[in-house]
Number of protein chains: 2
Amino acid sequence: SRDGLADAEQAAEFIERYHAENPEAGPAAQRLRWVRTEIDLTGTYRHTTDELTFGARIAWRNSARCIGRLYWKSMRVRDLRAVHRAAEVADQCVEHLRQATNGGRIRPTITVFAPDAPGRPGPRIWNEQLIRYAGHRTSDGSVVGDPRYTEFTTAARALGWSPPHHPGPFDVLPLLVSTQDDPVHMRVLPPDAVAEVPLSHPEHPWFAELGLRWHAVPAISAMRMSIGGVDYPAAPFNGWYMGSEIGARNLADTDRYNLLPVVAAHLGLDTRSTTSLWRDRALVELNIAVLHSFTEAGMTISDHHTESDRFLKHLAKEEKAGRRCPADWSWIVPPMSGSLTPVFHRYYDTDHLRPEFVSDPSSEA
Amino acid sequence: SRDGLADAEQAAEFIERYHAENPEAGPAAQRLRWVRTEIDLTGTYRHTTDELTFGARIAWRNSARCIGRLYWKSMRVRDLRAVHRAAEVADQCVEHLRQATNGGRIRPTITVFAPDAPGRPGPRIWNEQLIRYAGHRTSDGSVVGDPRYTEFTTAARALGWSPPHHPGPFDVLPLLVSTQDDPVHMRVLPPDAVAEVPLSHPEHPWFAELGLRWHAVPAISAMRMSIGGVDYPAAPFNGWYMGSEIGARNLADTDRYNLLPVVAAHLGLDTRSTTSLWRDRALVELNIAVLHSFTEAGMTISDHHTESDRFLKHLAKEEKAGRRCPADWSWIVPPMSGSLTPVFHRYYDTDHLRPEFVSDPSSEA
Ligand code: HEM
Ligand code: HEM
């Protein structure tokens with residue numbers, strides 16, 4: 001909870017589940033007694049590293065909006081709860097990116113910083129993702145870069161960030177971290193921690209000349225992780241990209257990079273009538289470019305057909321394990337070619353399970 | 001209800017809504033008294049033609065899965081409650097198709113046959129839509145035509161339907177109508193009542209040689225219409241097609257015509273890897289062909305971008321009228337290029353409102 005007090009009921013539920021799914025950890029009774037006592041004495045309790053590792057993986061497994069859950073068991077969990085100072089948090093976010101990028105073979109990873117405790121809130125990372133591009137508002141009101149982050153960009157500038165002399169569409173934003181003792185720490189990401197892929201198209205040479213690029217690692221940093229009644233406000237995690245997140249949303253949404261008119265113009269499509277489906281055609285070519293470029297660059301990426309197949313495999317495995325798997329249809333079905341993917345043609349359990357990742361209202365789009 | 005008894009509470013709620021939205025009909029009190037008395041005496045009550053017309057339009061307005069509701073006020077309502085015999089029902093379905101097709105300027109239309117009454121159930125139309133294509137199971141287990149209708153096709157044959165000597169992929173199924181007195185009546189649709197569009201592509205001449213076609217009027221005939229506690233089991237209604245219903249579902253679903261591999265092969269796409277997005281490319285070209293062919297043939301059709309814009313306009317109008325508009329996200333968002341349409345980027349009210357169209361479990365896919 002926000003005041004750092006651990007919910008005893010959620011704690012008990014989590015400890016029981018931990019022991020149920022990890023029989024080698026022995027019976028839950030003794031640990032339960034200790035946790036209860038620790039909560040009585042201190043208002044909260046400390047997870048063992050094994051509990052934390054398990055809890056983080058289950059928080060992923062329970063993420064109803066995530067199509068990528070097949071590999072939940074193998075996520076790397078970095079236990080950095082000892083880290084409290086903002087500069088160290090920033091250091092370790094950089095280290096997270098290096099380890100997760102892994103030269104292109106991207107590894108799903110979570111770095112867990114100190115939890116909220118009574119009178120001692122954990123650190124917070126202001127960025128929605130560790131790597132995102134600035135949105136520079138120009139004097140005519142238009143935006144160079146990612147319009148989603150114009151406010152963040154303004155805040156970063158106010159805190160002293162100097163964007164490049166010629167602000168461009170893909171200027172990596174600095175990290176902003178705050179802790180109880182350090183109201184705000186700004187950190188420019190070192191270029192070698194930020195893998196990026198310049199975009200080209202396998203058939204259209206002009207595509208590369210558009211100068212588009214995207215970062216290789218999607219690392220969500222603004223969600224709270226809640227495990228057994230304990231809140232970890234800073235616990236950035238990453239998977240790899242499903243191509244359509246970049247090609248159908250980040251680069252295509254009209255309130256993001258809005259690139260379909262540009263791509264369509266270069267494709268020579270008739271953009272006067274929606275019925276020519278020029279948007280749909282440009283969308284497919286943009287997504288082909290994303291998948292092609294990442295693959296060429298040796299960066300892990302997957303297409304929406306592959307991730308849909310994997311997700312159905314995950315559902316089957318969960319069912320076999322006797323567990324319900326919550327899923328949110330409108331998030332699971334990819335944003336393009338929905339009905340071509342098998343995940344479109346069924347319904348899902350919608351239970352809300354814990355542990356979980358939670359968006360704070362202030363960080364919701 | 002299924003036993004023909006009208007629900008008095010639903011009756012009162014409907015009559016009140018009718019008078020609230022139609023002030024020119026005067027106050028509801030007297031009509032309410034009469035309806036209550038009629039239900040007490042006969043178990044049900046008779047809608048006036050005005051009430052029926054209003055009720056049918058509101059049933060459309062309340063259809064949470066329908067993106068096409070902007071024009072709910074102008075639907076033509078054919079009051080054919082006097083029609084009880086199966087042969088007449090079939091006649092009037094044919095007449096419905098003629099009037100709705102209207103030489104290509106398709107008119108949203110509903111034909112309302114007799115309701116269920118105590119001891120006298122209304123007629124039933126067995127077909128899911130008035131026009132659909134047979135699915136002929138061949139000796140090797142494969143299907144020629146629409147696999148969705150293999151069972152219906154078998155039933156029609158058992159009842160005496162003779163498919164063409166060389167069964168083809170687009171053989172229009174006969175109507176099957178049953179009433180209390182006529183256990184089953186079969187009617188072959190006269191060709192002039194079935195407008196069809198041969199499919200061609202604006203840029204690829206080979207496309208026309210695939211010999212594909214689709215019928216112009218989607219007329220759902222297996223849903224019950226429920227108005228003020230009275231059930232109309234036979235009330236076929238039609239709009240016009242949104243192209244993606246044909247191009248992304250009927251012709252593309254793997255358990256329907258499954259044509260993407262065929263289209264992709266003719267486009268010369270690399271179908272060995274899903275990452276080439278060959279399915280997505282073929283999907284767009286197939287949908288371009290559908291929209292192009294209908295337009296060339298002078299048949300009303302709309303694309304998913306246009307219908308999405310119209311639906312948002314509808315939502316705005318409903319809000320302005322002070323009404324909630326229920327909508328089911330997973331049905332409203334088109335099956336292709338979801339995030340390109342504005343309907344993707346929001347949530348909807350999900351209340352369940354009456355009057356309504358209801359799928360009987362037996363007719364659900
Ligand atoms: C391994 C590769 C992964 C893939 C391909 C994947 C894919 C996705 C996709 C496509 C979305 C929807 C994003 C959007 O539409 O904005 C999503 C959401 C989400 N994923 Fe994953 N994911 C992966 C790894 C992970 C990991 C490691 C975690 C956590 C440990 C995770 C947790 C979540 C959560 C919490 C959301 C919802 C985010 C929100 O509410 O904004 N995912 N994922
Ligand atoms: C005027 C043009 C219309 C358009 C473009 C349109 C469009 C659509 C679309 C795209 C669907 C989803 C179909 C699917 O995915 O299977 C749908 C469903 C539906 N529409 Fe419409 N519609 C129109 C007219 C009507 C009319 C006149 C009615 C009733 C009077 C109606 C009632 C419904 C209902 C009840 C459903 C849900 C069907 C089910 O549950 O299977 N629509 N509509």
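Would you tally the residues in the stretch B:225-243 being away from chain A (no Cβ under 14 Å) and either within 16 Å of ligand 1 (Cβ to nearest atom) or over 21 Å from B:LEU173 (Cα atoms) (or both)?
8
Residues that are of a type in the set (Lys, Arg) and either modelled with pLDDT of 95 or more or closer than 22 Å to A:ALA219 by Cα (or both): list the helices (runs of 4 or more DSSP H) wholly contained in the stretch A:276-362 that include at least 3 such residues.
A:304-320
So that you can scan it fast, the table gives a plain yes or no per residue for (1) in a loop (DSSP other than H, G, I, E, B); (2) touching a strand residue (DSSP E or B) at 6+ places or on another chain (Cβ under 7 Å):
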{"position": "A:ARG157", "(1), (2)": "no, no"}
{"position": "A:PRO163", "(1), (2)": "yes, yes"}
{"position": "A:HIS166", "(1), (2)": "yes, no"}
{"position": "A:PRO169", "(1), (2)": "yes, yes"}
{"position": "A:PRO183", "(1), (2)": "yes, no"}
{"position": "A:PRO202", "(1), (2)": "yes, no"}
{"position": "A:TRP206", "(1), (2)": "no, no"}
{"position": "A:GLU209", "(1), (2)": "no, no"}
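Being of a type outside the set (Val, Ile, Thr), at pLDDT below 95 and not in a helix (DSSP H, G or I) is true for just one of B:SER63, B:SER1. Which residue is that?
B:SER1
When you scan the stretch B:93-107, how many residues do you find that are of a type outside the set (Val, Ile, Thr), in a loop (DSSP other than H, G, I, E, B) and buried (at least 19 other Cβ atoms within 10 Å of the Cβ)?
So the answer is 0.
Find the residue count for the stretch B:117-150, including only residues that are touching a residue at least 12 places away in the same chain (Cβ under 8 Å) and either over 19 Å from the mean Cα position of the chain (by Cα) or in a loop (DSSP other than H, G, I, E, B) (or both).
Total meeting the criteria: 21.
Filtering the stretch A:272-312 down to residues that are among the small types (Gly, Ala, Ser) and closer than 23 Å to A:HIS345 by Cα, which residue is nearest to the other protein chains (Cβ to nearest Cβ)?
A:SER302
Going through the stretch B:307-362 one residue at a time, which ones are crowded, with 17+ Cβ neighbours inside 10 Å and closer than 24 Å to B:ASP231 by Cα?
Across the stretch B:307-362, the qualifying residues are B:CYS325, B:PRO326, B:ALA327, B:LEU353, B:ARG354, B:PRO355, B:GLU356, B:PHE357.
The values are calculated or read from the model by the stated rules, or taken from the named source; none is laboratory data. All values reported here derive from a predicted model rather than from experimental measurement. Reconstructed Cβ throughout: ideal geometry from the backbone, glycine too, with neighbour counts over all protein chains shown.
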